[in-house]
Amino acid sequence: VRATETAYKVLPWNGCKAAISLTYDDGDPIHLDLVIPEMKRRGIRGTFFLIADKIQRIDEWKKAAKSGMEIGNHSSGHRRASELTPEDEIFEVDHAADFLREQFKQQVQVFAYPFSEISDGLRARVENNSIAARGGGWGDRLYIPEYEPDWHDIRCVATMTDLKFEDYKGWIDQAMAAGAWTVFMIHAIEGSDWWQPVPKKTYIKTLDYLAKNKGTLWVAPMGEVAAYWKAQKIVENADIKFQNDAVEVSWNKPAPFPAGITLKIAVDTGDPVIIQNGNTITASTPGVYE
């Protein structure tokens, strides 16, 4: 019996209509100088994929991580997948993950493939270390809750210098209309000489539009959204036992999987008693339990 056939359901996207994740690659200094301050002003958090052996201004990155920004794994040296031996693959993924976890005291749970290139060996290492990985900017990039994703090749939309605010607004509007999750892949912002800098005015307008739609949109780091969605699917496919007026739901947490993921469930049967691991849970809002 599926959990969705009982009197409760998991609310997708943390109870919002849709989700957006802003992800940034390579540790461009402008992320520290412009991007993170502007995100903080609007209460927006994102994912920053850092190259472990090429991090500049690490103390500032540690402050960003403590403020709620997610640190993701972008390999040790940003090498092409075709260049890597099996030993290299271990170093590029495992060494980077260990270094980032030690430095940032965070669960480094997501990976971004350098150059969006995926090999079987590289993917195997990523699966061993991460709950999800960001792939390239092509294919279906609107992830609706019912979709069964390839967790280690999550597709994205890539920002480009010549795109306009209307393009980014269109991507966000499409996600809201579809009730979907969309991941942005962002590199540089105007003022940087790194790859494909987005005009500052366009970037700021996009942040403003996201902030305006918070509540309808869940704007959260990639790892946070992926963990919630993965947990939702685990609970929706959990083992169910019916005993008199009680429903017992149990599941196994896979590895790797981060600690502390909280799901929101809606219950439509009167005034239920919800107990998890012996603890009674009260409703956070009418009919919704966390």
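Assorted remarks:
- Accessible surface for T282 stands near 110 Å², nearest 10, in the context of the full protein assembly shown (1.4 Å probe).
- Dipole-positive endmost among A64, G27, G287 within the chain (Cβ charges, Cα centre): G287
- Distance between the 7 Å Cα→Cβ label points at K201 and A246: 6.4 nm.
- I189 long-range amide H proximity, modeled H, under 5 Å: V198
- In sequence order, calculated HN-Hα J values of segment 143-151 (Karplus, 6.51, -1.76, 1.60; Hz; x Gly/Pro): 9, 7, x, 6, 5, 9, x, 7, 4
- For segment 47-58, Karplus couplings with θ = phi - 60° (6.51, -1.76, 1.60), whole Hz, Gly/Pro x: 10, 10, 7, 9, 8, 4, 8, 10, 6, 9, 6, 5
- Electrostatic bookkeeping for L34 treats Lys and Arg as +1 and Asp and Glu as -1; over the other residues with beta carbon under 9 Å from its beta carbon, the sum is -2.
- For segment 1-148, the Cα gyration tensor yields ellipsoid semi-axes of 27, 22, 14 Å (square root of five times each eigenvalue, largest first, whole Å).
- Residues with amide H under 5 Å from that of G137, placed H, sequence gap 5 or more: C156
- The antiparallel fraction among DSSP beta bridges confined to the chain stands at about 40%.
- Stokes-Einstein diffusion coefficient of segment 129-184, Kirkwood radius over Cα pairs, 4 °C, 1.567 mPa s, in µm²/s: 108 µm²/s
- Solvent-accessible heavy-atom area per residue, rounded to whole Å², over the chain at 1.4 Å: 48 Å²
- Cross-link table K17/K253; K205/K253; K169/K253; K17/K54, entries beyond 31 Å C-alpha to C-alpha: K205/K253; K169/K253; K17/K54
- Accessible surface of H95 - all protein chains present, 1.4 Å probe, nearest 10 Å²: 60 Å²
- The label-point distance for D271 and I58, in a model that sets each label 7 Å from Cα toward Cβ, rounds to 5.7 nm.
- Table column - 3J(HN,Hα) (Hz), segment 165-182, Karplus curve with 6.51, -1.76, 1.60, x for Gly and Pro: 4, 4, 5, 5, 4, x, 4, 5, 4, 4, 5, 5, 5, 8, x, 10, 9, 10
- Between V126, V108, V267, the residue with the greatest mean-square fluctuation in the GNM of the chain (Cα pairs under 10 Å linked by springs) is V267.
- Euclidean distance of C-alpha centroids, segment 230-259 and segment 66-124, integer Å: 30 Å
- Accessible area in the full protein assembly, largest first, 1.4 Å probe, for D140, D245: D245, D140
The values are calculated or read from the model by the stated rules, or taken from the named source; none is laboratory data. Since we're looking at a predicted model, the values are computed, not measured. Virtual Cβ from ideal backbone geometry, glycine too; neighbours counted across all protein chains shown. Side chains included, ligands, DNA and RNA excluded: accessible areas come from the protein's heavy atoms. Shrake-Rupley method; radii C 1.70, N 1.55, O 1.52, S 1.80 Å.
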